[in-house]
Amino acid sequence: MAPLLLVFLLFSLSGADNTSPEILLTLCGSNKTSNAQAFDINFVNSMELIYQNITDHGYGVAVSGTSDTVFGIGQCFNYLSSVNCQLCYAESRVKLPHCLPATDSRIYLDGCFLRYSDRNVSTQSTDLKDTSICGNSSTVIPSTSTVTSLLKNITEAALNNSNYYAAASASVSSDLTVYGMAQCWKSLNLSGCRDCLEKAVSNVSHCLPASDGKGLNAGCFVRYSTEPFYLSSSSSGGGSSSGRILAVVLGCVAAAVVVIGVAIWWMRRRGAHDSSDDEDGSGEFIRSIAGSHLSFKYEVLSKATDNFSQINKLGHGGYGSVYKGVLPDGREVAVKRLFLNTRQWVDQFFNEVSLISQVQHKNLVKLLGCSVEGPESLLVYEYLCNTSLDKFLFDSFKKTALDWERRFDIILGTAEGIAYLHTAAQVRIIHRDIKASNVLLDERFRPKIADFGLARYFAEGQSHLSTGLAGTFGYMAPEYIVHGQLSEKADTYSYGILVLEIITGRKNQNSVATSTDGHSLISLIWKHYTEKTLIELLDPNLQGQCSEEQALKIFHIGLLCAQASSGLRPHMWKVVEMLMSKSQDLPLPTQPPFINIKGADVCSSSGSGSSYKYTSSSKSGHSVNQMSVSQMQGR
């Protein structure tokens with residue numbers, strides 16, 4: 001009863017005219033993606049990109065991922081105000097993920113359109129799913145010729161307008177007026193728009209003499225009605241006071257949509273958890289969390305982040321985004337927002353909470369709690385004011401804040417945190433995604449490892465896991481890429497790449513493009529190591545801050561961790577020992593993998609992902625060119 005009461009109060013505050021837009025039609029594709037985890041990540045990223053353009057322009061296209069790519073397109077109808085456009089998109093964004101893991105789905109609302117696909121559909125004007133929806137009102141239009149003329153006129157007008165939009169009305173009798181509008185998506189060319197509108201008009205004409213008809217095509221929307229459907233939004237005024245009122249309305253209605261989603265989602269899950277969640281123990285886990293000190297109310301976290309405002313967004317995570325929030329008691333927190341639309345995402349949430357709640361270390365980010373009440377699961381962490389290491393290390397201005405002492409402390413602290421996960425925690429944990437963006441920095445630039453969504457734990461005496469590929473390409477160990485064998489040494493390899501990034505100030509994935517001779521970071525470092533000129537790769541910002549011996553020792557440790565053979569890589573406790581020791585007596589590193597990357601290889605690959613050839617002292621010529629993982633994160 002409480003959620004329904006809150007919905008009533010919110011809508012009372014916002015006014016009767018500001019209800020959520022009606023969903024006209026949802027079409028979920030029949031084909032399913034073979035890699036739901038990666039596809040879901042790219043879906044979230046595409047929707048985020050579209051949101052930014054929808055907010056500014058009322059229209060947006062996006063593409064995310066170099067494999068399991070997701071294309072997206074969103075369009076508001078021109079008669080919507082900016083605020084109502086955002087409301088309409090928010091509603092479609094909440095509903096469309098229910099189609100996942102379908103590879104191509106779309107949703108039509110009374111005011112906007114949203115679609116995602118595994119192929120570029122932005123220029124598609126018509127397809128086999130084009131349809132029409134006819135009103136079932138008892139009212140009929142006595143003169144169909146008037147409507148036919150109206151549809152012809154708005155079609156011609158839309159084609160002559162740069163925004164492909166037109167709306168008009170025609171009088172049927174003294175007491176009856178018919179209203180019509182036509183809109184093509186801005187991604188179409190003139191020919192595509194014409195084809196789309198002509199087909200839509202033909203389809204919607206079959207609705208006559210019904211009082212309402214809608215033509216829903218892949219690239220356009222046409223409607224006629226005896227109701228003035230396009231006037232209420234466009235006629236509203238827009239002073240500063242009005243803008244503030246609309247902003248309040250936006251917040252209230254959005255909150256109402258969230259609460260409705262909470263109620264529906266929770267009722268569904270309560271009815272389903274006995275048969276699904278309890279199979280793996282997650283149902284009992286969720287119930288125990290809900291009744292523990294770790295539980296946060298969804299409404300409290302939503303309010304703390306200002307309804308997940310873009311202003312408060314700290315960055316992207318593997319399965320959502322992270323926002324800064326301020327709790328009612330004044331505590332600053334970081335709220336990780338995860339969209340629960342697939343079984344895999346539920347597993348990711350379950351995994352992160354259950355694992356990180358068992359570990360406590362000065363170099364691991366602290367989990368304060370979570371929310372299991374809403375349409376999205378939320379993780380609540382301590383807030384670290386300096387965000388992540390990559391924000392400093394790869395910024396030419398900010399990196400000056402990372403002097404030698406701070407970089408060494410980050411290298412050491414990160415090693416201590418990983419060593420704790422591998423040996424000192426209650427369970428042996430492999431992080432699987434060690435990289436600069438997952439190392440957070442507090443006010444004194446002390447490192448804390450974050451994002452345990454991909455982490456896995458080992459049973460006592462188990463040497464390795466055989467598991468699906470997950471992580472960030474460029475940081476994944478060769479034995480994991482080629483054979484799917486996961487052990488603690490996979491984290492050691494990722495750590496080695498991170499150390500080499502920290503000492504050089506160069507990003508591993510971007511190094512081919514920025515290198516004058518087309519070398520990747522790892523091959524460039526190995527080349528200079530063999531030529532005994534490693535010091536030339538030291539970040540210029542560190543010149544004069546450390547001795548040559550200190551710098552070369554860090555290079556050496558990084559190369560030891562990044563060796564091709566997992567058996568030759570040191571355990572992380574040994575890495576901590578090497579960093580703390582004054583001795584320079586270290587074993588010689590062997591050739592690392594992935595050193596045959598050239599600029600031509602990268603130029604021939606699509607998108608931002610790199611295509612690597614695996615070569616090492618133990619194997620050669622084993623190509624993994626067909627496999628890549630998003631640079632954001634993958635599972």
Inset, instruction - Determine if the range 92-106 includes at least one residue that is among the aliphatic types (A, V, I, L, M), at pLDDT 95 or above and out of contact with any Phe, Trp or Tyr (no Cβ under 6 Å at 6 or more places or on another chain). - result: no
Legend entry - Any chance Ser523 is more than 24 Å from Asp395 (Cβ to Cβ), modelled with pLDDT of 80 or more, of a type in the set (Gly, Ala, Ser) and assigned by TED's automatic domain parsing to the domain that holds Met578: yes
Legend entry - Residue satisfying all of: in the range 424-447; surrounded by 22 or more Cβ atoms within 10 Å (Cβ to Cβ) and in contact with a Gly (Cβ under 8 Å, 6 or more places away or on another chain); modelled with the lowest pLDDT among these: Arg432
Legend entry - Pro101 surrounded by fewer than 24 Cβ atoms within 10 Å (Cβ to Cβ) and in contact with a Lys or Arg (Cβ under 6 Å, 6 or more places away or on another chain): yes
Legend entry - Residue satisfying all of: in the range 377-407; surrounded by fewer than 20 Cβ atoms within 10 Å (Cβ to Cβ), closer than 18 Å to Lys448 by Cβ and of a type outside the set (D, E, K, R); farthest from the chain's Cα centre (by Cα) among these: Ala401
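Residues checked against (1) within 22 Å of Tyr493 (Cα to Cα); (2) at pLDDT 90 or above; (3) among the basic types (Lys, Arg):
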residue	(1), (2), (3)
Ile535	yes, yes, no
Ser566	yes, no, no
Lys582	no, no, yes
Phe594	yes, no, no
Ser611	yes, no, no
Legend entry - Failed criterion for Glu91 (all others in (1) under 24 Å from Asp68 (Cα atoms); (2) surrounded by 20 or more Cβ atoms within 10 Å (Cβ to Cβ); (3) among the acidic types (Asp, Glu) hold): (1)
Legend entry - Listing of strands (runs of 3 or more DSSP E) fully contained in the range 153-228 that carry 3 or more residues being touching a residue at least 60 places away in the same chain (Cβ under 8 Å), within 40 Å of the chain's Cα centre (by Cα) and within 18 Å of Cys76 (Cα to Cα): 212-216, 220-225
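The values are calculated or read from the model by the stated rules, or taken from the named source; none is laboratory data. All of these numbers come straight from a predicted model, not from anything done at the bench. Every residue, glycine as well, gets a Cβ built from its backbone with ideal geometry; the counts of neighbours run over all protein chains shown.
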